[in-house]
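Enquirer: Below are the structure tokens for one structure; questions will follow.
The values are calculated or read from the model by the stated rules, or taken from the named source; none is laboratory data. If you're wondering where the values come from, they're calculated on a predicted model, not measured in any experiment. Note: ideal-geometry Cβ built from the backbone for every residue, glycine included; neighbour counts use all protein chains shown. For the accessible areas, the whole protein counts, side chains as well, though only heavy atoms, and no ligand, DNA or RNA atoms are used. Shrake-Rupley method; radii C 1.70, N 1.55, O 1.52, S 1.80 Å.
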Amino acid sequence: MNFRKDAIFATAFVSTYQQNSFHYTLSLMLDDDTAMKIHVRELVTDHFTFEAEQHSLRTSRTLCTALHIGNLGDTQVADVVEMLKKIPLTLPDCDKEIDHRFHCRNFLKQCIRSLNDAGIIRCPDASALVDGELKTYAEENGDAILLGGGTYKIKKSKICS
């Protein structure tokens with residue numbers, strides 16, 4: 001599997017601050033290299049901001065895993081960005097048993113739930129996708145990326161279609 005225009009990926013980037021820690025984002029492919037990377041950034045503790053920025057996935061030094069979760073089809077990237085920027089940057093009730101505070105992983109799960117609800121992708125369990133499938137692949141590849149001897153892995157989700 002390769003990057004291609006219109007593909008939707010759940011992506012994990014290694015954190016250079018803490019081992020076995022990842023930054024979780026949604027990547028909407030604009031072409032075979034560049035994605036619209038949708039994520040939240042923590043400016044100061046517990047204060048997040050929404051970001052949507054173009055990012056070259058092929059040349060990223062910190063991309064660990066890209067998990068293909070669907071395709072945009074007739075949906076425009078700008079429409080997805082507008083929809084996802086409305087997600088509250090707070091811990092959703094469904095994640096409170098797992099997490100004690102909001103972070104990028106919760107935001108990615110909310111993005112996936114929103115895309116599923118809008119009929120853009122079919123992903124019945126965002127938590128299983130992000131906390132299970134994506135995290136597992138990221139952990140398998142994270143050390144190789146941090147040590148400079150590895151490259152990102154692209155996988156097709158077994159949960160989403």
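Enquirer: List pairs: first in region 122-133 and over 12 Å from L108 (Cα atoms), second of a type in the set (S, T, N, Q) and in a loop (DSSP other than H, G, I, E, B), Cβ under 8 Å, 6+ apart or cross-chain?
Expert: From residues that are over 12 Å from L108 (Cα atoms), the pairs are R122/S161; C123/S157; C123/S161; E133/S157.
Enquirer: Could you list, in sequence order, the residues of region 67-115 that are at pLDDT below 90, more than 17 Å from V40 (Cβ to Cβ) and of a type in the set (V, I, T)?
Expert: Listed by number, the list holds a single entry, I98.
Enquirer: Filter region 34-50 down to the residues that are hydrophobic (A, V, I, L, M, F, W, C) and either open to solvent by less than 20 Å² (accessible area, probe 1.4 Å) or out of contact with any strand residue (DSSP E or B) (no Cβ under 9 Å at 6 or more places or on another chain) (or both) and list them by number.
Expert: A35, I38, V40, V44
Enquirer: Would you please list the contacts, defined by Cβ atoms under 9 Å and residues six or more apart or on different chains, that run from a residue in region 65-92 that is in contact (Cβ under 8 Å) with a residue 24 or more places away in the chain and charged (D, E, K, R) to a residue that is outside any helix (DSSP H, G or I) and open to solvent by less than 70 Å² (accessible area, probe 1.4 Å)?
Expert: Pairs found: K85/I38; K85/F50; K85/A52.
Enquirer: Shifting gears a bit: I'd like to check something: does region 101-120 contain any residue that is at positive phi and free of Cβ contacts under 8 Å to residues at least 24 places away in the same chain?
Expert: Checked against the condition, which is being at positive phi and free of Cβ contacts under 8 Å to residues at least 24 places away in the same chain, region 101-120 yields at least one hit.
Enquirer: Next up: Among the residues in region 30-37, are any under 16 Å from L134 (Cβ atoms) and in contact with a Leu (Cβ under 8 Å, 6 or more places away or on another chain)?
Expert: yes
Enquirer: Right, here's the next one. Residues being open to solvent by 40 Å² or more (accessible area, probe 1.4 Å) and within 15 Å of T65 (Cα to Cα): count how many of those fall in region 107-143.
Expert: Looking only at that region, the number is 6.
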